[in-house]
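Step one of this worksheet: look at the structure below.
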Amino acid sequence: VNTLVRARRHIGTGTFRATEKTHELVRQVLESGHISYGPMSMDFERQIAELHGCHFGVLANSGTSALQVALQALKELQGWEDGDEVLVPAVTFVATANIVLHNRMKPVFVDIDDYYGMDPFGVEALLPDHPKARAILPVHLFGQAADMTDLLYLARLYGLMTIEDCCEAMFASHYGAVVGSWGEVGCFSTYNAHLITTGVGGMATTNDPELAKRMRCLVNHGLDPDELNMDENFSPRPVIGRSFRFAFSGHSYRITELEAALGLAQLEDWRTMVNVRRRNANHLRARLSIANEHADADLTLPKERPGNSHSWMMFPIVCGRPEKGRLTAWLNERDIETRDMLPLTNQPVFREFVFEEDYPHAQVVNERGFYVGVHQDLGPDDIDYMADCFEDYFRSGR
Ligand SMILES: Cc1ncc(COP(=O)(O)O)c(C=O)c1O
């Protein structure tokens, strides 16, 4: 009862707060009378690309769209065929696997390691039997990088391309190299509850000019490359004087200056945002470790991979006992939002590609994993309140 009284507000998995800067930049867009691709979009692309060790950024209307055109561009440029394979981790958001199907390729699932990333040992075991594998698609899940040193070694050894799904891990790095800078291309999302959130939005970043150009064409209906400005990050030419020539079968994946303005405003203090998330995550981990010791909580708490700098998009937890439903209901009743920890291998849509039992680590996550928020608008009191609720649950013997 005490903890219920102490619930001052909803503890969500993500947050959005408009600052003075947000209002100022949005006002600038509205007053400019130009809301489609323009200076804000270009600046947002430049900054995100630079922060992730890349020369080129290509805005799209979602992380999924960015992934879709990244794989399509590679497939077209490399001459891959329908039915060729892409390695995907067995725990990720469904979009990572969906875009492989949408490109008429085949997802081959790889189980995860102790840090919830694609397991390099799994990749090593699979590759000799998969001569049609063309790419790996590691996902930097929950805010931390996958084991990119080992994964990239294997990709190079087998001549595969690497698409990094960075949708959940902006700003995170592995041995000093930031996500998005390891593979041929990195794809980011700015959907709700992500580290930078613009409502909807995504971006693909790369250092390969041909790939950047092709992705830019593909998000713009397959526009002919001659219609791009070659000097400004391959941005589309202004509409005036543009001829209607389409070279590829593309998509309408464009987004507006308004989302770019929201993103730019948040980039102003991304370091503080990540630092607060780190502080909150460390605080929650310390409190839940105590619950493990003294209240028999038996929770598997998230660990940081050696060499990683974690961005803590969320805080994943795996229950030791099969009681996830009861625990999350208890937390939800106390205004703490929880989400399932990205079940994939048990989804009906992937039934023909995967047997859940073949992926024991993913199966545990499917059955007992969930996550809570540690975002920048939560303070130490909120984290204590959350930890108290966990402890109350375990002490109550539910
Ligand atoms: C790992 C991962 N990949 C891809 C996506 C897709 O991003 P979006 O929702 O922007 O399409 C998400 C989004 O939640 C994600 O978490």
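The values are calculated or read from the model by the stated rules, or taken from the named source; none is laboratory data. Remember, it's a predicted structure, so these values are computed and weren't measured experimentally. Glycine also receives a Cβ, built like all others from the backbone with ideal geometry; neighbour counts cover every protein chain displayed. The accessibility values were calculated without ligands, DNA or RNA, using every heavy atom of the protein model including side chains. Shrake-Rupley method; radii C 1.70, N 1.55, O 1.52, S 1.80 Å.
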Segment 61-101 versus segment 143-196: alpha-carbon centroid distance in Å:
14
In segment 272-328, the trypsin sites (Lys or Arg not before Pro) that sit in a DSSP loop and have at most 14 other Cβ atoms within 10 Å of their own Cβ are K303
Phi angles of segment 384-390, converted by Karplus (6.51 cos²θ - 1.76 cosθ + 1.60, θ = phi - 60°) into ³J(HN,Hα) in whole Hz with x for Gly and Pro, give 4, 4, 4, 5, 4, 5, 4
In a GNM of the chain with a 10 Å cut-off on Cα contacts, which of S36, S235, S65 has the highest mean-square fluctuation?
S36
Measure of exposure for R271: accessible area at 1.4 Å probe, Å² rounded to 10, is 150
Pairs of lysine in the chain with Cα under 20 Å and at least 8 positions apart or on different chains: total?
5
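How large is the accessible surface per residue of segment 54-189, computed with a 1.4 Å probe and reported in Å² as a whole number?
On the way: 4240 Å² over 136 residues.
Per residue, segment 54-189 has 31 Å² of solvent-accessible surface.
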Mind listing the phi-derived Karplus ³J(HN,Hα) values for segment 45-56, rounded to whole Hz, using 6.51, -1.76 and 1.60 with θ = phi - 60°, and x for any glycine or proline?
4, 4, 5, 5, 4, 4, 5, 10, x, 10, 7, 10
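Which values, in whole Å and largest first, are the semi-axes of the equivalent ellipsoid of segment 243-293 obtained as the square root of 5 times each eigenvalue of the Cα gyration tensor? Spell out each step's value before the answer.
Numbers: eigenvalues 386, 57, 10 Å².
Working from the Cα gyration tensor, I get semi-axes of 44, 17, 7 Å.
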In vacuum, with every alpha carbon of segment 271-374 counted as one equal point scatterer, what does the Debye formula give for log10 I(q)/I(0) at q = 0.17, 0.19, 0.24 Å⁻¹? Two decimals, please.
-0.90, -1.06, -1.35
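Between Rg and the Kirkwood Rh of segment 67-120, both from Cα atoms, what is the Rg to Rh ratio?
Working: Rg = 11.7 Å, Rh = 11.6 Å.
That ratio equals 1.01.
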May I ask you to compute the full-extension gain from K303 to R156, defined as 0.36 nm times their residue separation minus their alpha-carbon distance, rounded to one decimal in nm?
50.2 nm
Spatial separation of Cα centroids for segment 105-122 and segment 273-334, in angstrom:
22
Run the 1.4 Å probe and let me know the accessible area of E323, rounded to the nearest 10 Å².
10
How many percent of the accessible area of the chain is carbon or sulfur, using a 1.4 Å probe?
51
Over all alpha-carbon pairs in segment 1-129, figure out the percentage whose distance exceeds 20 Å.
68
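Would you work out the charge dipole size for segment 116-250 about its Cα centre, treating the Cβ of every Lys and Arg as +1 and the Cβ of every Asp and Glu as -1, and quote it to the nearest 20 debye? Intermediate values should be presented prior to the final figure.
Details: 9 positive and 16 negative charges, 94 e Å.
That gives segment 116-250 a dipole magnitude of about 460 debye.
Just how large is the dipole of segment 1-124 about the Cα centre, in debye to the nearest 20, putting +1 at every Lys and Arg Cβ and -1 at every Asp and Glu Cβ? Display every interim value, and only then the final one.
Details: 10 positive and 16 negative charges, 186 e Å.
Here segment 1-124 has a charge dipole of around 900 debye.
Where only protein heavy atoms count, and the probe is 1.4 Å, what is the accessible area per residue for segment 255-398 in Å²? Walk me through the intermediate numbers first.
Numbers: 6090 Å² over 144 residues.
Per residue, segment 255-398 has an accessible area of 42 Å².
For R326 and Q47, FRET efficiency with R0 = 51 Å and r from the beta-carbon atoms, rounded to 0.05? Provide the component values of the computation, followed by the final result.
Working: r = 44 Å, r/R0 = 0.87.
E(calc), rounded to 0.05, equals 0.70.
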Between K106 and residues 5 or more places away or on another chain, which pairs have amide H atoms under 5 Å apart, with H built 1.01 Å from N, and which residues are they?
G83, D84, E85, V86
Report the dimensions of the chain along its three principal axes from the alpha-carbon atoms, largest first, rounded to Å.
70, 57, 36
Three principal axis extents, largest first, for the C-alpha atoms of segment 130-202, in Å?
40, 27, 16
Helix-only CD estimate at 222 nm, as mean residue ellipticity for the chain, using -39500 (n - 2.57) per DSSP H run (n ≥ 4):
-12000 deg cm²/dmol
Rounded FRET efficiency, nearest 0.05, which uses the C-beta distance separating R351 from K132 and R0 of 35 Å
0.95
Dipole of the chain, Cα-centred, from +1 at each Lys and Arg C-beta and -1 at each Asp and Glu C-beta, to the nearest 20 debye?
640
